[in-house]
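Trainee: Okay, here's the structure, questions in a sec.
The values are calculated or read from the model by the stated rules, or taken from the named source; none is laboratory data. Treat the numbers as computed from the prediction; the structure is a model and nothing was measured. Ligands, DNA and RNA are excluded from the accessible area calculation, which covers all protein heavy atoms including side chains. Shrake-Rupley method; radii C 1.70, N 1.55, O 1.52, S 1.80 Å.
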Amino acid sequence: MIRNALQPWHLLIVVLAIVVLFGSKRLPDAARSVGKSLRILKSETRALRDEEAKREQ
């Protein structure tokens, strides 16, 4: 039952629901915001790892 939980048409329904909820005009802005947030998160985690490596030396 769980192994067939994520079919391609499920993803299509999720994408359509997101487009209907947010509208096609807001999606590029939302994607841009998510991309910026992920870049910030990535740089912060990299800085933390570098800081930890310096402490261990």
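Trainee: What ³J(HN,Hα) values, in whole Hz, does the Karplus curve 6.51 cos²θ - 1.76 cosθ + 1.60 give for the stretch 21-33 when θ = phi - 60°, with x put for Gly and Pro?
Mentor: 5, 9, x, 6, 6, 8, 4, x, 5, 5, 5, 5, 5
Trainee: Within the chain, what whole-number % of the accessible surface is contributed by carbon and sulfur, with the 1.4 Å probe and all protein chains included in the calculation? Don't skip to the answer; put the middle values down first.
Mentor: Working: 3670 of 5720 Å².
Heavy-atom surface of the chain belonging to carbon and sulfur, 1.4 Å probe: 64 percent.
Trainee: How much length would be gained if the chain were fully extended between E52 and V19, taking 0.36 nm per residue of separation minus their Cα-Cα distance, in nm to one decimal?
Mentor: The E52-V19 span can extend by a further 7.7 nm.
Trainee: Still on this structure, please answer the following. Please work out how much length the chain gains when fully extended from H10 to T45, using 0.36 nm per residue of separation minus the C-alpha to C-alpha distance, in nm with one decimal. If you can, show how the numbers build up before the last one.
Mentor: Values: separation 35, 0.36 × 35 = 12.60 nm, distance 3.26 nm.
Contour length minus Cα-Cα distance gives 9.3 nm.
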